[in-house]
Each structure stands twice: as structure tokens, then as C-alpha cells.
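This report concerns only the one structure given below.
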Amino acid sequence: MKWTRRLAKHTIEGLFTLSGGVTSLVVFLIIAFLFREGFGLFRSPAVERGYGLCVHAENAVPTLDAGQVKRIFDGEITDWKEVGGRPGAIVPFRVDDLFTGGGAMDDDPASVIPRVEALIARTPGIIAFLHADYLPGTKIARHLSLGNITPSDFFTGREWQPAASPSPRFGALPLILGTLLVSLAAILLALPLGIGAAIYLSELAGARMRAWMKPTIELLAGIPSVVYGFFGLVVLAPLIQKTFDLPVGESALTGSLVLAIMALPTIITLAEDATRGVPRAQREASLALGATRWQTICRVVLPGASSGIAAATVLGIGRAVGETMAVLMVTGNAAVLPRSLLEPVRTIPATIAAELGEAPAGGAHYRALFLLGCILFAVTMAINLTAELMTARSRPKNI
Amino acid sequence: MIETKEAGILTAIETKDAGKPTAIETKTAGKQTMIETKNVNFYYADFRALKEVTIRVEARAVTALIGPSGCGKSTFLRLFNRMNDLIDGTRLTGECLIDGEDIYHKSVDVDALRKRVGMVFQKPNPFPKSIFENVAYGLRVNGARDRSFIAARVEESLRAAALWVEVRDKLRASAFALSGGQQQRLCIARALAVSPSVLLMDEPASALDPISTAKIEELIDQLKRDYTIVIVTHNMQQAARVSDSTAFFMLGELVEFGSTKKIFADPDHDQTRRYVAGRFG
């Protein structure tokens, strides 16, 4: 009898330990996976994998970077002297050009390469973007290496064009700034409202009002974000379009409004807990000195609750930064550097959600999205740690 | 009538020279009624916590409220600065006068009343601010801005609360750095800073050690020269030591009220005798 009970006890304890251990392990594995995939981006070549670039063997251009290559193929750079070479028109060439126009073609490298070599030999201004199998010999053509994608390409790049050919652009700056803009605007909208509501709930509302209102506000937190997005898309976006006379209603402002509504329950609940956490004795002391209710709120309750309110703010920001679906639906998703609240922007989570499906696993695009995930993870982790520190500071002192 | 007139003079003097006793006041001290209740009943929702309480509290004296737990003495004390208003569903009938003024009249400014009637709570409850700011709080919420005035008033109050010598070198330190007894004296200084005429004390020494308690009692003895003090206490010896008059409450009723000497030596009621002798409570 006794040994069975002891066995049961050990089994149960073991199971609990195991579940805790498994959870922690999963978290670490996810983080490790995220960072491994993400930082793989910097080992990816700047040109599409499996392709190469070459120029005429006598071309004097020293080297090109990925941005220049893109602008050359986009027709924005048309002369070699613009990129440090001898003056002369640039002739961009893609292997597809060989196959367009003239009937059925043989795509066997043995037959393609001589034709490419001939083309390059008679076109001194050429820059050719070719599949690795079709690259000509080095006597006729000089192979250009663009190297790998660098951290500065990613973190300070201003262009996010993952599908660009020949060299996709993974400049995350517009996405990072877009996320910050939308989140900050959201928190600026939500904070006064949230703290006001928290003060109303904890200081002014009667018991019955509070009993009715608090669950309602908490209910807001339970609405799926896609519903918020839908609401934003159908109600807010047209409203903003009309109010500001914009070409489209999907803008950073629309996203901020939706996010503000979504962050409100977090802010209100936490700020209300913080203000109610201020000891009753301190309120009474203030009132007993002849302070008005309002003076008591401003001078005793709010300072006493300040760290809790700060934590509420930070967690509200965290909610806004990580929010995906609603933002994806209402911000317009233009990956450009945001210039105003009324323009479409694209945030990091929206980018990941929208693009991961079309990014081939293991490719540069896929890794770039993971790296965006790493940024998001680092930001939200920093935010949560800050909130943790702030609430730890606010735990009761000796009274 | 005479009382009301004197109360008027007193108020006039006090507004001119806050807190300082004058010749006229000293002469009248001990004779004048500061607080008066007439047939006060008090209800927490349906519960009747006070029953027909009628009492006259002398100015510039210490009145102790004693009685077993739940007898209504704290409720009674909190009537005088209307702290009971903070609780929903309370109701009062009868009259409650301070300085001849019905403090439950519609026209009464409760915040102004609380400036006149200071309170010290059972547990020290300083604000999470510096020692200086704790005392200055009441002045600041009353609109005082002049730095030198505030500083002078803070010092004066801390001296009156017998705390100045201990804290003068660390006025900017947190009030929480003080001991419990020091915190309670800080709370007394805080209450004194706004120059009240009445000081309510709700078991001010119950959370303190014997030495701190002795200091508080000594302080009460000094303060009664300038303030009318009403103190709730569970401690019989304390009531006997510090008070001039004692009111004994039971089950919401004022059983007996008289000079402390009489209540402790020769009370009229048997219940009082048994309570002060420590037979129940």
C-alpha cells in the first residue's frame, strides 16, 4: 500500500516537472530556430541563388553593389560612368531575352553558352544576368560577385523588394519604422483614454458601475483581432478616407486607431489594478488633510500607481508592436519609409504574415522574414522585461 | 449662547494667528465646548452603529473614547471629519456640531472641515514621499506656494510633533525610512501643519512599541494646550494616563461620559466599572 502511494506521488511530481521542462525546452527551441534561420540571411548571396552576373571582360567597372544592380536592371542607371566605369551605355541583359522572340529554343547549356559569349563579345556595355549553368568563360566575360547580404543592407536598407530580380532588396528600415510609427501613435491615442478610464473605474465609479464596466472592458480583449481588422477596414478606413480626403483610407492612422482600441483593455485593466493598489490609508490620509478628491488622485494615487501605469503602458506597446492581423488588414501595406500618419505603411508582423507563404523555404526571402521575426522577438522581449522591472519596483513597500 | 460667541472669537483669533494660544483662549480653555452631538444615530446600510449619542467635548482637552471592539467608538470619531462619508450607504440622523456649526449641513464644505479637524490613523500612513513633503502636503493642497512659509511651517509642525531633532538632517529622506513610532509622529506633524483646531486620533499607538507609545502620549499631553483632542483607544491605562474626560461606548450606545478620574475610580454604571477593571473587552 505504501509503496504504491509513493510511486503515485513520484509519478505525478515527475509529470509536473516534465511538463515544465518540456515547455521551457520548446520555448528555447523556438528561439534558437528563429535566430538560426534569421541570421542565415547574412550568408545568402545578394544575387538570387543559382544565378550569376557578368560583364564584358574589358569593362573597367570595379565592382557593383546590389542596389546599383537593381537600379541598372530597372533602367534607372543607364551609363557605366555613373557606377565608376568608363562612359558608355549600359545594356542590361537577362537570359530570358535569348528565348523571347525567336521560336522554340534549345535550352541546353552547350548551345546557349556560345550564343551568350557571342552576344557579350560584341556588346561592350553589356551586363548579363544568367543562370549559373549559362555563365560564359572568363576570357570573354568578367564575373561579378556581389558578395553576401550584409547587416547594414538589412537594418539600414530603405527598400523592401524581396521579389526583385536579379538582386532582391531586403531593407527592413521601412518596416521597422512603420511598426514603430503605428505602435507609437496607437499608444499615444490609447494612453490618455486608458488612464482616464482606469481612474474613473477605480476612483470615481460606483460599485455597481464598476461591476458592470470592468467585465465589458475585459471582453474587448477577447475579441479576435481579425474582427477588429474587419471593423477597421469597413468602418474606420472609409471614415478616415473621407475625413482627410485621401486616395485610400488604409493608412498608418487607421492602423493606430484599431491598435489603440485593441491595447485599451490591457492598459485599463493594469492601470486600474495599479491605482487600486494604492493603499486606502494613503487616500484617507490625503482626504483627512482637506485635499479634494481630485488633489488626492493627482498627488497620491497617480504617483503611487506610476510604476504600475508605466508597466501598463509598456505592455500596451508590446501588444501593439506584435499585433498582426488587424494591422495587416488596415494599414495598406506599402513598404515605404513612412512620411506621415496618413500614408499607407507596412509593419513587421504584417510583412511576415503576408509574405512567408510565398517565400521558398531556405531562400534569402525566407531568412529575411525570420530575421524580421527576430527583431520583433527582441523588441517584445525588451518591452516585457521593462514592464517586469517596473512592476517589481511597485510591489508594496513597508507600511 | 455664550459658548457660540466665544467660539466665534476663537475662530477669529485662529485665522489671524494659526495654532498659537493667546491670553483669551487660555483663559477660556477647559470651559468651552468644541464638539457637540445631539441624538446622533449612524447607520451602515441597515446596521445601526450609533444610537442616540449625545455628548459635549471640551476644547483644549483630551477626550478618550473607550469600549469593546465594534462598539462604535471609531465610527463616532470619524463622524467629526466626515470620513464615514467615504463609505457607501451610510446615513446619519441627529446633529453634530463643531464650534457651533452643524458639520452635516448641506452648505458645509467637507474639504474645509477636514482642514479644521485633523486626523491621525491607527497605523502610521505616511505618503511614499520625503519627510518634508509629507508634512508640506497639507499646505500644498491648500494652495501654499511660498517656499519659506512652507519650510517654516514644516519645521514648526515637526517640532510640535517632537520629531524635529530626529529628522532635521534628513528631511529629504523617504518617510518610509523612519521607524514606526517616528512615522506616527510624522503623521501627527502632517496633521498639525494645516493648523487644525481639533485632532482626532484613532488608536494612534496601537501599532507601536511601548517606548514609541510613551512618546506619543507625552506628545498628546503637550498638544492639548493648543488642540482639542479626541482619542480612541483600546488601552485602559492609556486612556487613564492621557485623557481629561472619558466616554464609554457599548453596542453603539454611549453608556457613560465624565471626567476620566470619575470613570476610572467611581463610575455610575456597573458595565463601565467592569470594563475599566478589565473584566471584559
Checklist entry - If a residue has to be closer than 27 Å to B:PHE47 by Cβ and crowded, with 22+ Cβ neighbours inside 10 Å to count, how many in segment B:219-249 make the cut? => result 9
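Test of understanding: among B:LEU92, B:LEU113, which residue is over 21 Å from A:THR292 (Cα atoms) and hydrophobic (A, V, I, L, M, F, W, C)? Show your work before the answer.
Values: B:LEU113 fails: over 21 Å from A:THR292 (Cα atoms).
Testing whether each residue is over 21 Å from A:THR292 (Cα atoms) and hydrophobic (A, V, I, L, M, F, W, C) leaves just B:LEU92.
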Checklist outcome for this item: Out of (1) crowded, with 19+ Cβ neighbours inside 10 Å; (2) within 8 Å of chain A (Cβ to nearest Cβ); (3) touching a residue at least 60 places away in the same chain (Cβ under 8 Å), the one B:VAL117 does not meet is (2)
Next on the checklist: Name the residue that is nearest to the chain's Cα centre (by Cα), counting only residues in segment A:326-361 that are under 22 Å from A:PRO224 (Cα atoms) and charged (D, E, K, R).
Outcome noted: A:ARG346
Next on the checklist: Which count do you get for residues in segment A:252-263 that are crowded, with 23+ Cβ neighbours inside 10 Å and more than 9 Å from A:ALA185 (Cβ to Cβ)?
Outcome noted: 4
Checklist entry - Which residue, of B:LYS170, B:LYS123, B:LYS129, is closer than 29 Å to B:PHE76 by Cβ and charged (D, E, K, R)? => result B:LYS123
Item to check | Single residue of segment B:83-102 satisfying the filter (surrounded by fewer than 21 Cβ atoms within 10 Å (Cβ to Cβ) and in a loop (DSSP other than H, G, I, E, B)) that is nearest to the other protein chains (Cβ to nearest Cβ) | outcome: B:ASP88
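Residue check: is A:ALA285 within 14 Å of chain B (Cβ to nearest Cβ), touching a residue at least 60 places away in the same chain (Cβ under 8 Å), closer than 30 Å to B:VAL110 by Cα and in contact with a Lys or Arg (Cβ under 8 Å, 6 or more places away or on another chain)?
Spelling it out, it is not the case that A:ALA285 is within 14 Å of chain B (Cβ to nearest Cβ), touching a residue at least 60 places away in the same chain (Cβ under 8 Å), closer than 30 Å to B:VAL110 by Cα and in contact with a Lys or Arg (Cβ under 8 Å, 6 or more places away or on another chain).
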Next on the checklist: What's the number of the only condition in (1) within 18 Å of B:LYS129 (Cβ to Cβ); (2) within 25 Å of the chain's Cα centre (by Cα); (3) of a type in the set (A, V, I, L, M, F, W, C) that A:LEU257 fails to meet?
Outcome noted: (1)
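For segment B:182-268, please list each of the strands (runs of 3 or more DSSP E) lying entirely inside it that holds at least 3 residues being more than 14 Å from chain A (Cβ to nearest Cβ).
Numbers: elements: B:198-202, B:228-232, B:245-250, B:253-259.
Qualifying strands (runs of 3 or more DSSP E): B:228-232, B:245-250, B:253-259.
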Checklist entry - Which of the residues that make up segment B:134-148 are within 13 Å of another protein chain (Cβ to nearest Cβ) and either free of Cβ contacts under 8 Å to residues at least 40 places away in the same chain or not in a helix (DSSP H, G or I) (or both)? => result B:ARG140, B:VAL141, B:ASN142, B:GLY143, B:ALA144
Checklist entry - For segment B:269-281, which residues satisfy the criterion of being free of Cβ contacts under 8 Å to residues at least 12 places away in the same chain, of a type outside the set (Lys, Arg) and part of a helix (DSSP H, G or I)? => result B:ASP270
Item to check | Single residue of segment A:87-111 satisfying the filter (over 15 Å from A:LEU53 (Cα atoms) and modelled with pLDDT of 80 or more) that is nearest to the chain's Cα centre (by Cα) | outcome: A:ALA89
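Taking the stated definitions as given, is A:GLY206 at pLDDT below 85 and within 14 Å of chain B (Cβ to nearest Cβ)? Don't jump to the end; show me each part of the working.
Values: at pLDDT below 85: yes; within 14 Å of chain B (Cβ to nearest Cβ): yes.
Taking the combined requirement at face value, the residue satisfies it.
Among the candidates A:ALA207, A:ALA221, single out the residue that is within 26 Å of A:VAL300 (Cβ to Cβ) and hydrophobic (A, V, I, L, M, F, W, C). If you could, list the steps in order and put the result at the bottom.
Details: A:ALA221 fails: within 26 Å of A:VAL300 (Cβ to Cβ).
Matching residue, one of A:ALA207, A:ALA221: A:ALA207.
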Item to check | Condition met for A:ASP273 (more than 14 Å from every other protein chain (Cβ to nearest Cβ), without any contact (Cβ under 8 Å) to a residue 12 or more places away in the chain and either in contact with a Ser or Thr (Cβ under 7 Å, 6 or more places away or on another chain) or among the acidic types (Asp, Glu) (or both)) | outcome: no
Item to check | Subset of segment A:202-218 (residues that are in contact (Cβ under 8 Å) with a residue 24 or more places away in the chain and closer than 28 Å to A:THR254 by Cβ) | outcome: A:ILE217, A:GLU218
Next on the checklist: touching a helix residue (DSSP H, G or I) at 6+ places or on another chain (Cβ under 8 Å), within 27 Å of A:ALA141 (Cα to Cα) and of a type in the set (Lys, Arg): is that true of A:ARG49 in this structure?
Outcome noted: yes
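Quick check: is even one residue across segment A:311-325 more than 9 Å from every other protein chain (Cβ to nearest Cβ) and within 26 Å of B:VAL141 (Cβ to Cβ)? Can you show your working first?
Step one: filter segment A:311-325 for residues more than 9 Å from every other protein chain (Cβ to nearest Cβ), giving A:311-325.
Cutting the leftovers down to within 26 Å of B:VAL141 (Cβ to Cβ) gives us none.
No, that holds for no residue.
Just checking, which of A:ILE187, A:ILE223 is in the same structural domain as A:ARG367 (by TED's automatic domain parsing), modelled with pLDDT of 85 or more and crowded, with 17+ Cβ neighbours inside 10 Å? Break it down into steps so the answer makes sense when it comes.
Numbers: A:ILE223 fails: crowded, with 17+ Cβ neighbours inside 10 Å.
Of A:ILE187, A:ILE223, the one residue that is in the same structural domain as A:ARG367 (by TED's automatic domain parsing), modelled with pLDDT of 85 or more and crowded, with 17+ Cβ neighbours inside 10 Å is A:ILE187.
For (1) crowded, with 20+ Cβ neighbours inside 10 Å; (2) more than 19 Å from the chain's Cα centre (by Cα); (3) more than 21 Å from A:VAL330 (Cα to Cα), each residue gets a yes or a no:
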| residue | (1), (2), (3) |
| --- | --- |
| A:LYS139 | no, yes, yes |
| A:LEU173 | no, no, no |
| A:GLY196 | no, yes, yes |
| A:GLU250 | yes, no, no |
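Tell me which helices (runs of 4 or more DSSP H) are completely within segment A:282-399 and hold 1 or more residues being among the hydroxyl-bearing types (Ser, Thr, Tyr), or say none if there are none.
Values: elements: A:293-296, A:306-322, A:325-330, A:348-355, A:364-394.
In segment A:282-399, the matching helices (runs of 4 or more DSSP H) lie at A:293-296, A:306-322, A:348-355, A:364-394.
The values are calculated or read from the model by the stated rules, or taken from the named source; none is laboratory data. The model shown is predicted, which means the values in this text are computed figures rather than measured ones. With ideal geometry, Cβ positions are generated from the backbone for all residues, glycine too; neighbour counts draw on all protein chains shown.
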